[in-house]
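So the structure is just underneath, and the comments pick up after that.
The values are calculated or read from the model by the stated rules, or taken from the named source; none is laboratory data. Since the model is a prediction, treat every value here as computed from it, not as a measurement. No Cβ is skipped: glycine too gets one built from the backbone with ideal geometry, and neighbour counts run over all protein chains shown. Remember, those area values only see protein heavy atoms, side chains included, never the ligands or the DNA or RNA. Shrake-Rupley method; radii C 1.70, N 1.55, O 1.52, S 1.80 Å.
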Amino acid sequence: MSHELSLKEIKKEWHGTLKSYVIGFITSILLTAASFYIVIAKVFTGSVLVLTITMLALAQAIFQLRYFLHLGQEAKPRWESVVFYFMIMVLLIIAIGSLWIMHDLNDRVMSDMTNMPMEKHHD
Amino acid sequence: METLAVHHTHDSHADTRVPDPHQDTFSKTILGFWMYLMTDCILFATLFATYAVLHNSTFGGPSSRDIFSLSIASIETMILLFSSVTCGLGVLSAVHSKKNQIILWFALTFVLGASFVAIELHEFSHLVLEGNSWNRSAFLSSFFTLVGTHGLHVTVGLFWMIVMIVQVLLSGITVATFRRLVVFSMFWHFLDLVWIFIFTIVYLMGVI
Amino acid sequence: MFGRLTLEAFKHEPSQNFAVVMMVLTGIGIMGAITYSKKWKWLWDEWFTSVDPKKIGLMYIIVALLMFFKGFSDALMMRLQQALSVGDAHGFIAPGHFQEIFSAHGTTMIFFVGMGVVFGLMNLVIPLQIGARDVAYPFLNALGFWLFAAASVLSLFSLAIGKFSATGWLAYPPLSGIEYSPDEGVDYWIWIVQIAGIGSTLSGINFIVTILKMRCPGMTFMKMPIFVWSGLCAMVLVIFAFPILTATLVLLSLDRYLGMHFFTAGFGGNPMMYINLIWAWGHPEVYILILPAFGIFSEVVPTFSEKRLFGYASMVWALIVITFLSFVVWLHHFFTMGASSGVNAFFGIMTMLIAIPTGVKLFNWLFTKFRGRVHFTSPMLWFFAFVLNFSIGGMTGILLSAPPVDYQAHNSLFLIAHFHGMVIGGMLFGFFCGFTYWFPKFTGFFLSERLNIYAFWCWFTGFLLAFMPLYMLGFMGATRRLDHYEASTGWQPLFIIVGIGALIILCGVGVQIYGLFMSIKDRKKNLDVTGNPWNGRTLEWSTPSPPPIYNFAITPIVDDLDPLWAIKEGHAPPQNKNYEDIHLPKNTPMGLYIGILSLIFGFAMTWYMTWLALASFVAIVICLIIRLSGEDEHEMITAKQVKEMEAAHLSKQGAR
């Protein structure tokens with residue numbers, strides 16, 4: 001195929017460097033440690049806690065996407081990024097939609113049976 | 001295995017109106033595999049959503065607070081993170097064509113990955129033996145499935161790694177083996193990415 | 001050794017025995033004919049091991065048409081039963097069998113006919129329309145087909161060995177759980193759908209990368225044919241929706257095989273979550289089926305109106321908006337499951353919104369015809385039938401999108417009439433339109449236009465008779481999936497009309513089969529010599545009929561939306577004149593092998609034959625490792641050979 005590249009050329013298409021792995025590694029360690037510490041030491045509680053560790057997880061995910069998976073560094077027209085953003089959109093719709101729907105349905109089912117073993121049927 | 005004899009016709013028709021000049025096998029493979037990873041994200045999202053809906057359905061059995069150990073989760077997290085880095089360093093060695101280093105880094109990645117799976121299996125068998133298996137409640141079903149699916153992916157990665165190490169030993173770094181190492185590293189990094197959300201949503205949120 | 005498979009599995013209801021015998025005889029007949037004409041080697045070399053999308057596309061369509069007979073037989077049986085089974089009469093089909101029939105009907109039509117014709121036409125047309133020689137992943141493409149074929153064969157097995165699922169085409173739990181459906185039926189269904197689904201996902205990835213990366217020079221996105229756009233949008237839906245299906249089927253499998261409690265009635269399970277997830281996939285699925293049909297009309301209408309497509313940009317935006325909206329409407333399939341009014345209203349409104357871009361498309365097609373020179377060929381007849389039937393079905397969809405209305409009509413025959421208007425009036429008529437339009441291109445000869453038209457009128461009349469009364473029956477209270485009803489309902493006359501409609505459709509199908517055979521018999525008298533019999537606008541019409549294996553001897557350069565009309569009008573860009581060596585991927589039997597192994601795996605899992613499941617799974621893994629360890633291998637056609645092949649085509653044309 002007239003479009004095939006040599007080994008030397010394709011190595012240039014991969015964007016990993018020692019620097020990127022060091023940065024990714026260190027930020028991941030820090031963010032992970034922070035998450036675990038905040039939970040164990042109960043630095044926050046309740047929804048603040050949940051929000052904080054969620055933000056830390058998202059931050060770590062972004063760092064790993066950038067520094068391990070090299071997202072955003074691909075050649076234009078950066079299809080990997082486009083597909084990624086689309087996936088995030090679908091993911092949020094499905095996840096949030098499902099949680100909203102199921103929460104709503106579960107409320108209306110009015111069941112307090114999910115946490116208790118079923119009692120014998122009364123005849 | 002023979003190396004590829006590249007049928008190389010110099011492209012004298014380099015046309016600036018080509019919508020995407022990157023029609024070579026490497027960039028096509030990377031994009032295609034990335035898309036597969038995106039489908040896997042949706043698959044995991046479905047499992048996460050199911051876990052979120054069912055995690056309180058304990059049916060009189062144990063809840064997340066009763067069974068999760070943060071020390072185990074933190075060890076697993078560190079192991080996987082280290083293995084992600086060793087994997088990346090392995091591909092870097094391939095760029096520099098250092099065959100022995102490649103084998104070393106990937107062997108290390110394998111050991112770390114295998115340790116992760118071993119610890120997870122230990123955690124699971126402990127739960128099963130004390131009567132809290134996946135058929136105890138919807139919560140446990142969704143826990144075992146979400147975390148287990150991730151563990152299964154890691155296990156597939158371990159087998160894949162063996163095949164890759166064998167290929168590198170036999171063929172060295174060729175266009176094809178380099179491409180496959182990059183693809184593997186994408187998979188392995190992706191698994192660490194998913195794990196971030198598992199340790200956060202399942203383990204951390206599970207104990208608070 | 002045989003798991004839970006016993007000789008009992010081979011015993012069926014009397015009404016089933018006939019179908020099994022017919023199927024087995026047909027299979028033996030086909031294999032006998034191939035053996036008699038000594039075509040096995042040819043089939044193996046040219047078709048079974050092929051990675052050429054043109055071959056794969058034809059195979060998809062052949063499988064889809066064969067599966068159509070199965071699905072349509074199911075429909076005929078149901079309508080005959082319903083016409084007869086009133087009051088004291090109970091028809092000829094036992095209730096248990098009836099449940100298997102409606103489950104098989106839906107499963108077959110959606111997964112094998114619908115997805116089959118979509119992937120079939122995409123394989124045939126898209127590489128040519130973008131000026132490419134191949135798809136991005138020829139092997140993956142072939143594998144996707146063989147998984148599809150394996151799943152369809154598994155569904156044929158389910159007819160003959162054991163029972164099929166009796167829980168509908170979507171298998172709602174808890175009925176489909178192990179407690180209430182312990183036998184092999186639901187397991188068959190799970191593996192059939194799972195294997196087909198994985199094939200679809202792989203093909204989806206393939207076509208997206210093909211369209212993104214392999215367009216010929218000058219073909220920017222806004223110069224792509226609309227059929228390619230519709231394929232791109234449909235495949236985007238595929239890759240993001242099918243993983244939901246895969247995951248949900250896994251969860252149901254875990255409930256059934258390992259006693260888990262995702263969807264069970266007790267132990268904390270939540271069956272409503274299954275319905276939520278399955279429709280989060282299910283709604284995009286129906287758009288996957290319809291968008292390519294819209295794309296087909298966008299190709300056919302301008303050609304047979306001798307006028308460029310009206311509003312190209314708005315057509316593209318309409319496709320994109322529909323793609324996005326199809327992810328946010330899924331709850332309208334279960335308004336009656338009991339969500340609160342806020343939730344129902346949100347999804348109702350989102351559903352109504354989809355009508356807008358759909359309407360834009362419809363009006364653009366009609367505006368294309370306005371002041372055009374319209375040819376009433378059979379593809380155009382299918383288009384007109386689509387406009388009528390899809391519009392009626394679509395409008396009833398808007399009715400149903402209002403939750404209070406849906407509370408009355410949900411799961412009644414009104415709903416059945418609505419969605420058959422969509423899939424038959426929309427998808428199937430679109431496929432027939434595309435099939436008759438592109439037939440000469442891919443076979444090299446014409447279908448009998450006269451027989452096409454007779455078949456069309458049978459289908460059109462039959463469809464109206466078979467489905468319009470269902471709207472009335474729905475309002476009269478008739479629910480779906482009924483195998484018997486009381487005479488006091490007054491439904492029978494309408495059911496009889498519906499049955500007659502189904503029989504008229506049967507006539508249409510008969511004419512289509514007859515027409516196909518006659519056209520094949522007379523093919524040498526009806527050759528397509530020009531390669532462009534309809535004065536088409538897009539690149540596929542610039543190749544010979546059928547196209548050579550490499551599609552284009554010289555990769556075209558385009559500068560216009562309708563490149564062939566640009567050439568006619570004298571403003572096409574200059575083309576390359578030099579022949580180059582062409583590299584094509586080698587044939588491989590791996591796709592077929594993995595397909596066969598998947599079939600065995602699905603069968604083994606259904607019947608709890610653990611050793612066989614494990615063995616076939618390991619074999620699949622080994623095949624994959626072998627395939628993915630080989631070096632990239634190609635065949636080469638030298639520039640000289642290309643030149644000779646092209647000269648041969650031209651001289652054949654000249655000789656006529």
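When the range C:325-347 is examined, which residues are found to be at the interface with chain A (Cβ under 8 Å from one of its Cβ atoms) and either aliphatic (A, V, I, L, M) or open to solvent by 10 Å² or more (accessible area, probe 1.4 Å) (or both)? Those that are at the interface with chain A (Cβ under 8 Å from one of its Cβ atoms) and either aliphatic (A, V, I, L, M) or open to solvent by 10 Å² or more (accessible area, probe 1.4 Å) (or both): C:Val328, C:Leu331, C:Met337, C:Gly338, C:Ala339, C:Ser340, C:Gly342, C:Val343.
Table: residues versus (1) closer than 26 Å to B:Thr25 by Cα; (2) touching an Asp or Glu at 6+ places or on another chain (Cβ under 8 Å); (3) without any contact (Cβ under 8 Å) to a residue 24 or more places away in the chain; (4) crowded, with 24+ Cβ neighbours inside 10 Å.
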position: C:Phe119; (1), (2), (3), (4): yes, no, no, yes
position: C:Met122; (1), (2), (3), (4): yes, no, no, yes
position: C:Phe148; (1), (2), (3), (4): yes, no, no, yes
position: C:Ser165; (1), (2), (3), (4): no, yes, no, yes
position: C:Gly168; (1), (2), (3), (4): no, no, no, no
position: C:Ile178; (1), (2), (3), (4): no, yes, no, no
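The residues listed here are C:Gly510, C:Gly536, C:Gly515; of these, the one that is among the small types (Gly, Ala, Ser), part of a loop (DSSP other than H, G, I, E, B) and more than 14 Å from chain A (Cβ to nearest Cβ) is C:Gly536. Taken over the range B:173-186, the criterion of being under 18 Å from A:Leu5 (Cβ atoms) and among the small types (Gly, Ala, Ser) is satisfied by B:Ala176 alone. Looking only at the range C:602-618, residues that are within 22 Å of C:Leu140 (Cβ to Cβ) and open to solvent by less than 30 Å² (accessible area, probe 1.4 Å) come to 2 in all. Each residue in the range A:68-85 was checked for being facing another protein chain (nearest Cβ under 7 Å), in contact (Cβ under 8 Å) with a residue 12 or more places away in the chain and either open to solvent by 20 Å² or more (accessible area, probe 1.4 Å) or polar (S, T, N, Q) (or both), and 2 pass. Number of residues in the range A:30-53 that are surrounded by fewer than 18 Cβ atoms within 10 Å (Cβ to Cβ) and within 7 Å of chain B (Cβ to nearest Cβ): the value is 3.
Within the range C:585-595, is even one residue within 24 Å of A:Glu4 (Cβ to Cβ), at pLDDT below 90, surrounded by fewer than 20 Cβ atoms within 10 Å (Cβ to Cβ) and within 14 Å of another protein chain (Cβ to nearest Cβ)? Looking through the range C:585-595, none of the residues is within 24 Å of A:Glu4 (Cβ to Cβ), at pLDDT below 90, surrounded by fewer than 20 Cβ atoms within 10 Å (Cβ to Cβ) and within 14 Å of another protein chain (Cβ to nearest Cβ). Could you say which residue among C:Gly57, C:Gly29, C:Gly71 is at pLDDT 95 or above and closer than 22 Å to C:Ile596 by Cα? Unique residue meeting the criteria: C:Gly57. Within the range C:20-27, not a single residue is surrounded by 19 or more Cβ atoms within 10 Å (Cβ to Cβ) and in a helix (DSSP H, G or I).
The condition of being assigned to a helix (DSSP H, G or I), open to solvent by less than 10 Å² (accessible area, probe 1.4 Å) and not charged (D, E, K, R) holds for only one of C:Leu202, C:Leu252, that being C:Leu252. Scanning the range B:49-72 for residues that are surrounded by fewer than 22 Cβ atoms within 10 Å (Cβ to Cβ), not in a loop (DSSP other than H, G, I, E, B) and not hydroxyl-bearing (Ser, Thr, Tyr) yields a total of 6. Quick test of your reading of the structure: B:Phe33 fulfils all but one of (1) at pLDDT 95 or above; (2) of a type in the set (A, V, I, L, M, F, W, C); (3) surrounded by fewer than 22 Cβ atoms within 10 Å (Cβ to Cβ); (4) more than 21 Å from C:Leu237 (Cβ to Cβ). Name the failing condition by number. Every condition holds for B:Phe33 apart from (4). Of the residues C:Glu646, C:Glu635, C:Glu580, C:Glu631, the single one that is assigned to a strand (DSSP E or B) and either of a type in the set (Asp, Glu) or open to solvent by 90 Å² or more (accessible area, probe 1.4 Å) (or both) is C:Glu635. Mind checking which residues of the range C:360-371 are over 20 Å from C:Ala417 (Cβ atoms) and in contact with a helix residue (DSSP H, G or I) (Cβ under 8 Å, 6 or more places away or on another chain)? Residues satisfying the conditions are C:Val360, C:Lys361, C:Asn364, C:Trp365, C:Leu366, C:Thr368, C:Lys369.
Applying the selection to the range C:260-270, what residues are touching a residue at least 60 places away in the same chain (Cβ under 8 Å) and open to solvent by 30 Å² or more (accessible area, probe 1.4 Å)? The answer is C:Thr264, C:Ala265. Residue pairs whose Cβ atoms lie under 8 Å apart, sitting 6 or more positions apart in sequence or on different chains, and linking a residue in the range C:33-47 that is more than 17 Å from C:Met590 (Cα to Cα) to a partner that is open to solvent by less than 90 Å² (accessible area, probe 1.4 Å) and in a helix (DSSP H, G or I), are C:Ile34/C:Leu43; C:Trp40/C:Ile34. Being in a helix (DSSP H, G or I), at the interface with chain B (Cβ under 9 Å from one of its Cβ atoms), aliphatic (A, V, I, L, M) and open to solvent by less than 50 Å² (accessible area, probe 1.4 Å) is the requirement here; does A:Leu65 meet it? When the stated conditions are applied, A:Leu65 passes them.
Yes/no per residue for (1) touching a residue at least 60 places away in the same chain (Cβ under 8 Å); (2) not in a helix (DSSP H, G or I):
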{"residue": "B:Leu140", "(1), (2)": "yes, no"}
{"residue": "B:Phe144", "(1), (2)": "no, no"}
{"residue": "B:Val147", "(1), (2)": "no, no"}
{"residue": "B:Leu152", "(1), (2)": "no, no"}
{"residue": "B:Thr155", "(1), (2)": "no, no"}
{"residue": "B:Met161", "(1), (2)": "no, no"}
{"residue": "B:Ile173", "(1), (2)": "yes, yes"}
{"residue": "B:Ala176", "(1), (2)": "yes, no"}
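I'd like to know if the range C:217-238 contains one or more residues that are assigned to a helix (DSSP H, G or I), within 14 Å of another protein chain (Cβ to nearest Cβ) and in contact with a strand residue (DSSP E or B) (Cβ under 6 Å, 6 or more places away or on another chain). No, the range C:217-238 has no match at all.
Does C:Thr220 satisfy the condition of being polar (S, T, N, Q) and within 18 Å of C:Leu249 (Cβ to Cβ)? Spelling it out, it is not the case that C:Thr220 is polar (S, T, N, Q) and within 18 Å of C:Leu249 (Cβ to Cβ).
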